[in-house]
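Everything below concerns the one structure shown next.
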Amino acid sequence: MSTTNTSGRRKTAVARIYLTDGNGAITVNGKDYKVYFPTLPLQYIVNQSFEVAEVAGKYDVKVNVSGGGVKGQAEAVRLAIAKAIVELDAEKKSALRAKGLMTRDMRMVERKKPGRAKARKRFQFSKR
């Protein structure tokens, strides 16, 4: 099998992955994913696409991820892996979509407006 590459995004995080046949090794920015994402919830998010599609341990993944925070990066990796799995086997798409793993979460931070302290916060109003 040749390499399948896809990308996933969440907030300002962008993940580019390269999926090949292998034994389940996941490398993120040159480190093992358990070192890069040290907490169990983040490791679960990264592995979620494999477990839902029931292909855990069949593929090696090389990830380049940048931008955002660690949670956004983990969710970007999850989306990219789900897209790569569907590219290889279209029958897995319904199971991944049922768990919400195929949908790009488009929620972003609202921009700061001029003349305000933050996006919605106003300065204190004084009547007198």
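No lab work stands behind these numbers, since they all come straight from the coordinates. Please read all numbers here as calculations on a predicted model, not as lab measurements. Neighbour counts run over all protein chains shown; Cβ positions are idealised from the backbone, glycine included.
Descriptive notes on the structure:
- Considering the stretch 89-128, the residues that are hydrophobic (A, V, I, L, M, F, W, C) and surrounded by 11 or more Cβ atoms within 10 Å (Cβ to Cβ) include one that is nearest to I45 (Cα to Cα), namely L101.
- Subset tally (residues that are over 17 Å from E87 (Cα atoms), of a type in the set (S, T, Y) and part of a loop (DSSP other than H, G, I, E, B)) for the stretch 1-35: 1
- Per this entry, E54 is counted among residues that are surrounded by fewer than 14 Cβ atoms within 10 Å (Cβ to Cβ), under 21 Å from S94 (Cα atoms) and not small (G, A, S).
- Selection status of V86, part of a loop (DSSP other than H, G, I, E, B) and either in contact with a helix residue (DSSP H, G or I) (Cβ under 7 Å, 6 or more places away or on another chain) or buried (at least 21 other Cβ atoms within 10 Å of the Cβ) (or both): no
- Matching option when the condition is closer than 18 Å to T6 by Cα, of a type outside the set (S, T, Y) and not in a helix (DSSP H, G or I), among G100, G115, G68: G100
- Hey, G68 at positive phi, surrounded by 10 or more Cβ atoms within 10 Å (Cβ to Cβ) and of a type outside the set (S, T, Y) or not: yes
- Test result for Y36, aromatic (F, W, Y) and more than 20 Å from K99 (Cβ to Cβ): yes
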